[in-house]
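Shown next, in structure tokens, is the structure this report addresses.
Quick note: the coordinates plus some simple rules give every number you see, no bench work behind them. Note that the structure is predicted; figures quoted are calculated from it, not measured. No Cβ is skipped: glycine too gets one built from the backbone with ideal geometry, and neighbour counts run over all protein chains shown.
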Amino acid sequence: MPDIDDKTQLVAFCGLYCGNCGSYKKGKCKTCKDDGGFSRCKVRKCCIELNYQTCAECDKSLDCKTLDNFISKIFALVFRSNRKGNLRHIKEIGIKTWAEDQAAAGKK
């Protein structure tokens, strides 16, 4: 896992924290913010087009069909993730604080 000082670079566009992912830590996965990472992801494409760090910047994110589709529901079930909850929390406390909290939680 690369040593990244700016933990916000490990926050996926959809609100997941890549820094705590086992595949990322083992170097088997790139983040969606890396060049070439998850290039087919519609959420990634949308955020890049709108110049957003995450979907938390979008007023429509909690009702977005691009973010909340069938595949994402399966992903959430399998990986026990809560992207919408993460995005709400990012909106409340800011991406920098949220990312630092996630990084600290991953070290426990």
query: Lys96 versus Phe75, label points 7 Å from Cα toward the beta carbon: distance in nm?
result: 2.7
- request: Provide the gained length on full extension for the span Gln9 to Lys60, in nm with one decimal, where the gain is 0.36 nm per separating residue minus the Cα-Cα distance.
  value: 16.1 nm
task: Sorted from largest down, give the three principal axis spans of the alpha carbons of the chain, whole angstrom values.
output: 33, 28, 28
task: Given a cut-off of 20 Å, name the pairs among Lys28/Lys73; Lys33/Lys107; Lys25/Lys60; Lys7/Lys107 whose C-alpha atoms lie farther apart than that in the structure shown.
output: Lys28/Lys73; Lys33/Lys107; Lys25/Lys60
statement: Rounded to one decimal in nm, the spacing of the 7 Å Cα→Cβ label points at Lys28 and Asn51 is 3.8
